[in-house]
1. Mind checking which residues of segment 197-220 are within 26 Å of N180 (Cβ to Cβ), touching a residue at least 12 places away in the same chain (Cβ under 8 Å) and either out of contact with any Pro (no Cβ under 8 Å at 6 or more places or on another chain) or polar (S, T, N, Q) (or both)?
2. For segment 28-57, give me the residue count where each residue is buried (at least 20 other Cβ atoms within 10 Å of the Cβ), among the β-branched types (V, I, T) and modelled with pLDDT under 90.
3. Quick one: is A87 touching a strand residue (DSSP E or B) at 6+ places or on another chain (Cβ under 6 Å), in the same structural domain as A133 (by TED's automatic domain parsing), assigned to a loop (DSSP other than H, G, I, E, B) and modelled with pLDDT under 85?
4. Kindly check whether there is at least one residue in segment 166-182 that is in contact with a helix residue (DSSP H, G or I) (Cβ under 9 Å, 6 or more places away or on another chain), within 17 Å of I82 (Cβ to Cβ) and not polar (S, T, N, Q).
Amino acid sequence: MMHEIQKRLLHLIAQGQNLGQLTLREIGKRIGEKDKPQKIKHHLNQLEKKGLIKINKSKELIEKATGGASEGLLMKGNLLAIPILGAANAGPALRFADENIEGYLRISSTLLGRKSAKNIFALMVDGPSMNRAEVGGKKIEDGDFVIIDSPYKSPKDGDIVLSIIDNMANIKRFHHDRENNQIGLISESSQNFPPIYLHETDNYIVNGRVFFVVKKLKKR
């Protein structure tokens, strides 16, 4: 079984991050292992020995090996391990956007409709402001997980997106009002949540599109 730290390192590399330009402490901070540089060094060396990554110190380059597990962590059978990067508000934009991996959501590749976990991550929904919005016929409710397609940075009208505003993560429906040069991030809720209005030049980031909802398990 692969060590949890190695899974996190592979995920960062699969996301296109060149860890070779970071110090061991900086790498550790990104995966929630702050101030443990020797542990990070050990697990990078283990990944290289397994043939999963290539380390080129002279070029300050750490990259995935062709065909390696960094194409997406596949667990036993057809289970994917999707990194959980915390929670995002489906309510007022009050929650801080944190990129540390908090764990992994294990889900069937058949259920997800993808063979790889490459370039996707999960967030737990915090709040009720999207509880009338649906993705694939499933409502986005408090406590659910949403799966984010992270390379999707140029949303279309009507997409449900993860946006980062002043380091706050929130899930909203995207609307580009070109006539008035403004962006609207709209709630769809049983409660009254006003839209967030942005100018096209404001400092905000669309950090991906919600393409799947994992419903919170209901106990009988």
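The values are calculated or read from the model by the stated rules, or taken from the named source; none is laboratory data. Being a predicted model, the structure only gives us computed values, none of them experimental. So basically every Cβ, Gly included, is an ideal-geometry build from the backbone, and we count neighbours across all protein chains shown.
1. Y197, L198, H199, E200, D202, N203, Y204, I205, N207, V210
2. The total comes to 2.
3. Values: touching a strand residue (DSSP E or B) at 6+ places or on another chain (Cβ under 6 Å): yes; in the same structural domain as A133 (by TED's automatic domain parsing): yes; assigned to a loop (DSSP other than H, G, I, E, B): no; modelled with pLDDT under 85: yes.
For A87, the condition - touching a strand residue (DSSP E or B) at 6+ places or on another chain (Cβ under 6 Å), in the same structural domain as A133 (by TED's automatic domain parsing), assigned to a loop (DSSP other than H, G, I, E, B) and modelled with pLDDT under 85 - is not met.
4. So the first thing to find is which residues in segment 166-182 are in contact with a helix residue (DSSP H, G or I) (Cβ under 9 Å, 6 or more places away or on another chain), and the list is none.
Within segment 166-182 (the criterion being in contact with a helix residue (DSSP H, G or I) (Cβ under 9 Å, 6 or more places away or on another chain), within 17 Å of I82 (Cβ to Cβ) and not polar (S, T, N, Q)), the answer is no, since none of the residues qualifies.
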